[in-house]
Amino acid sequence: MADTIPLAEAQSLVARARAGDFGALEHVYRAYERSVYTLARRLTKTPEDAEDVLQETFLEVCRSLGKWRGDGSLWGWIRQVAASKALMRYRREKLRATEVLADDAAAGSTVDVPLRLDLEAALERLPERSRAVVWLHDVEGLTHEEIAELMGMTASFSKSQLARAHQKLRAWLGEEGAGR
Amino acid sequence: MSGERHATAEELLAVRDGEGSAWAKAHAAGCAECGGELYRLEQVRSQLRALPAFVPPRDRWGVVAERARRERRQRRLSGAAGLAAAAALGGLLLVAVQGTRPDALQAQTTLRSAMARSQAMEQVLQGVDPDARALGGEAAGAVVDLQRRLETIDARLGDPAQWGNDPASQAQLWNERAGLLSALVDVHTTHVAYAGL
């Protein structure tokens, strides 16, 4: 996802925002609210959760603007905050243990249940953690190391999650040779 | 390709991401099945990136801004209270060291007066609610400059090594702080850039 605010403008906006200029903060919010909400929708279970992540992310942005060093992409930094908030919610709900079971059950269904979903529905059907890995890696462009750090896992875990998720998507999307 | 295994999904994903092993790259280039799978993985990634963005159902900016303003106000007030407490402690230590000599008492009075002036300006600044209005370019720039100078003063006030046991130095820092706060009040009430202290 491309940055919507050029770096020089972002630096100026952040300097103004740090001085208490809420107009500058609102500018940042408007520029990235859709991107943050979309990321949150992909990483959380419900639209309500995603709205909460949107709000928590920008509150954190307001609090911690000083942590943005100004030499990298502002979107990259905000995305990191948003992903962290979304995944924290996931961890807080302690879904990990139950999701392992759900994950295994879903893996079985790729063989047994003849499905043909569109990409949106197939993505939605993935277990939350797999969906997060797919989205963060394939769409947002995070490395496996970055994902591992965000999720408190290893990079090899992220790689295997991605591979398993793509195998499921392949089957659900009704491709030829789903049994590969 | 007889006698050679096919690449795994993980190996093909690594090739897709430009990180695959030499074997996996060569195999995908020569094996029609794995080459097709690699192409499919690239297509899925492209399709994922092309999915439309979601639009938030409600505008959350009002809630975010209100909470951020409240938190900022609380931080500023607790910061000023912390500095005043540190200064009061410094004063107590000074009295303990120097006893009740007339010049020491005079220095303490001056210091207390400077602190009171700074705290009064802090209250005035809160009263004008500096977070409530967006400032224009020049005024916003002036606020940035004043805030930075204020942060420097606060850092010096928070570091006893900067003023040691000298209440006059400490009083001077508090007076400078009050001056900067006063300038901030001016900018926020007039929305005019401050020429400088």
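The values are calculated or read from the model by the stated rules, or taken from the named source; none is laboratory data. Since the model is a prediction, treat every value here as computed from it, not as a measurement. Here the Cβ positions follow ideal geometry from the backbone for every residue, glycine too, while neighbour counts run over all protein chains shown. To get the accessible areas, we keep the full protein, side chains included, count just its heavy atoms, and leave off ligands, DNA and RNA. Shrake-Rupley method; radii C 1.70, N 1.55, O 1.52, S 1.80 Å.
For the range A:7-92, the solvent-accessible area works out to 37 Å² per residue, with a probe of 1.4 Å and every protein chain left in place. Classify the range B:9-49 as rounded, prolate or oblate from the Cα gyration tensor: take a ≥ b ≥ c as the square roots of its eigenvalues, call it rounded if a/c is under 1.5, otherwise prolate when a/b beats b/c and oblate if not. Oblate is the answer for the range B:9-49, as a/c is 1.5 or above yet b/c matches or exceeds a/b. The accessible area of A:C62, taken with all protein chains in place and a 1.4 Å probe, comes to roughly 10 Å². The residues of the range B:1-66 have, on average, 54 Å² of accessible surface per residue, using a 1.4 Å probe with all protein chains present.
What does the structure give for A:44-56 when I average, per residue, the other chain Cβ atoms found within 10 Å of the residue Cβ? Kindly include the intermediate steps, with their values, before the conclusion.
Values: counts 0, 0, 0, 3, 1, 0, 3, 4, 1, 0, 5, 7, 2.
Rounded to a whole number, the mean comes out at 2.
Roughly how many percent of the accessible protein surface of the range B:9-49 is carbon and sulfur, given a 1.4 Å probe and a whole-percent answer?
51
Interface size between chain A and chain B, please: total buried accessible area, 1.4 Å probe, rounded to the nearest 100 Å².
Details: alone 9790 and 12480 Å², together 17990 Å².
Chains A and B together bury roughly 4300 Å² of accessible area.
Order A:E51, B:E66 by their accessible area, 1.4 angstrom probe, all chains in place, largest first. Walk me through the numbers before you get to the answer.
Working: A:E51 10, B:E66 85 Å².
Correct descending sequence by accessible area is B:E66, A:E51.
Placing B:S113, A:S35 in order of accessible area, with the largest value first and a 1.4 Å probe, yields B:S113, A:S35.
I'd like the mean, over residues of B:58-64, of how many other protein chain beta carbons sit within 10 Å of each residue's own Cβ. Could you put the intermediate results ahead of the total?
Numbers: counts 3, 3, 11, 9, 1, 3, 14.
What the average comes to for B:58-64 is 6.
Just checking the output field for A:162-169: average partner chain Cβ neighbours within 10 Å of each residue's Cβ?
Working: counts 5, 8, 2, 2, 10, 3, 0, 5.
Going residue by residue through A:162-169 and averaging, the value is 4.
Heavy-atom accessible surface of B:D59, to the nearest 10 Å², is about 90 Å², with a 1.4 Å probe and all protein chains retained. For the range B:9-49, the relative contact order comes to 35 percent (Cα pairs under 8 Å, sequence separation of at least 6).
Computing FRET efficiency as 1/(1 + (r/R0)^6) for A:E145 and B:A161, where r is the C-beta to C-beta distance and R0 is 45 Å, gives about 0.65. Partner lysines whose Cα lies under 20 Å from the Cα of B:K25, excluding those fewer than 8 positions away in the same chain, are identified as A:K159.
By the gyration tensor of its Cα atoms, with a ≥ b ≥ c the square roots of the eigenvalues, what is the shape of the range B:1-80: rounded for a/c under 1.5, prolate for a/b over b/c, or oblate? Walk me through the numbers before you get to the answer.
Values: a/c = 7.43, a/b = 2.95, b/c = 2.52.
Note, shape of the range B:1-80 comes out prolate.
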